[in-house]
């Protein structure tokens, strides 16, 4: 059979279906947790009927996903071991994708069953770290921990730790400000039976639900998209190794920018290293323990010249042979990642040189860090499906089990407004945050500000789930990866 012009064996096509089913299954489970938080207040307060709320939220999740730029998706991918990303079509590459998706889904399903608002972001990141640690332990010549991008991990951890604090404090302060400025008693009453609130309160809560859904799609919705693209690159490299929608202008932009930076790179690396030697040098540099040296700059200069020569005069990536596209993708990824790391480490002293190289890296990234529109639509749909199936457990926890009093309209609006702002800010910097953590922390903050009291048992269970998520998912990811590698290499003889 053929798919996107590539011949596929039946076994490979089946493998593709299973891999995509796992990736979209993760997004569906994500819907149980994180998207359910977006509809919690409008359902609990009877502002919208559950079916209407879920469909409305799903629509705005879709719009948020379609409006996203992919920065968060590739922040997640940047945590993966470089050699597995470059060789995602290998047995080890597929073991990586399967292991981290399965381990994340196991923990997500477990915490959802218990009604705990755990973070899908934490589960996926913990699983990625587990795979990276196992890969460094099992690969010859690796230092333990080398398979994890600790610099990027620190950025991600900081965003995941700070965002709940912002949610708690911000929602508490906003509720107090709202009470001072909006003196309408009905806004601060909990729902009475199944009676909907007044129209203006329904409009406010619908608006905040819409905002949270949009920003959830633009942030959380991206987390599985980068993995879906990796699956497509590994199984359908002819079509997806490089951006299939690249215009002739984009292709020639690589040529032009490589020519512009050539004098600069020759100055930084006067004796360019080319071919496999350059690839090996930059692969080593991108490891956690990699250090910049004169050879690093020479490898960047040499690989840039190689990239220029292979694409010069071409109007489309389709003009490269099938075999050339996979290698060209790896070279673009290595080159852009190395330039970015050199800039982050301030190894390029002249600011104008650093800016020029950053612009070059951005042009290269466009052709390897892309997300097809159909992937965005599919991810948004599966988020919505998950919400439809699993919203009730999380809604009850958010509405009734965080505070000693039931959630009132003002508290729900305050928590959601702060969640919108926090997630939107994280989007601006391409950082993943947890809608679950931000919103549930916001609800807790409003309960504290309202002197409603907090249910310590629920908070203890939520905090326990938050604390245990990373170490358990690290263990699950590492164990499943090691088991997968053993099966593939030693039982089935796959390489």
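The values are calculated or read from the model by the stated rules, or taken from the named source; none is laboratory data. Owing to the predicted nature of the structure, the values given are computational and were not obtained by experimental measurement. For neighbour counting, all protein chains shown are included, and Cβ atoms are generated from backbone atoms with ideal geometry for every residue, glycine included.
Among the residues making up segment 434-461, those that are closer than 12 Å to residue 212 by Cβ and at pLDDT below 80 are 435, 436.
Of the listed requirements (1) part of a helix (DSSP H, G or I); (2) touching a strand residue (DSSP E or B) at 6+ places or on another chain (Cβ under 6 Å), residue 452 misses just one: (1). On the basis of being over 30 Å from residue 104 (Cβ atoms), modelled with pLDDT under 90 and surrounded by fewer than 18 Cβ atoms within 10 Å (Cβ to Cβ), does residue 189 make the cut? Yes. A single entry from 276, 260, 252 fulfils the requirement of being more than 23 Å from residue 69 (Cβ to Cβ), in a helix (DSSP H, G or I) and out of contact with any helix residue (DSSP H, G or I) (no Cβ under 8 Å at 6 or more places or on another chain): 276.
Residue by residue through segment 104-129, note down the ones that are part of a helix (DSSP H, G or I), touching a residue at least 24 places away in the same chain (Cβ under 8 Å) and either farther than 17 Å from residue 432 by Cβ or outside the structural domain of residue 73 (by TED's automatic domain parsing) (or both). Matches in segment 104-129: 105, 106, 109, 111, 112, 113. Restricting attention to segment 410-464, the residues that are without any contact (Cβ under 8 Å) to a residue 12 or more places away in the chain and more than 24 Å from residue 155 (Cα to Cα) add up to 4.
What number of residues within segment 192-235 satisfy the criterion of being assigned to a loop (DSSP other than H, G, I, E, B) and surrounded by fewer than 19 Cβ atoms within 10 Å (Cβ to Cβ)? Total meeting the criteria: 6.
All conditions in (1) within 30 Å of residue 411 (Cα to Cα); (2) modelled with pLDDT of 85 or more hold for residue 240, with the sole exception of (1). Residue 407 falls short on exactly one of the conditions (1) surrounded by 20 or more Cβ atoms within 10 Å (Cβ to Cβ); (2) assigned to a helix (DSSP H, G or I); (3) at pLDDT below 85, and that condition is (2). In the set (1) free of Cβ contacts under 8 Å to residues at least 24 places away in the same chain; (2) outside the structural domain of residue 254 (by TED's automatic domain parsing), residue 355 fails one condition alone, (2). When the test is whether a residue is out of contact with any helix residue (DSSP H, G or I) (no Cβ under 6 Å at 6 or more places or on another chain), surrounded by fewer than 17 Cβ atoms within 10 Å (Cβ to Cβ) and more than 16 Å from residue 363 (Cα to Cα), residue 287 does not pass it. Taking (1) modelled with pLDDT of 90 or more; (2) surrounded by fewer than 21 Cβ atoms within 10 Å (Cβ to Cβ) in turn, residue 319 satisfies each apart from (1). When residue 489 is tested against (1) surrounded by fewer than 17 Cβ atoms within 10 Å (Cβ to Cβ); (2) touching a residue at least 60 places away in the same chain (Cβ under 8 Å); (3) outside any helix (DSSP H, G or I), only condition (3) is not met.
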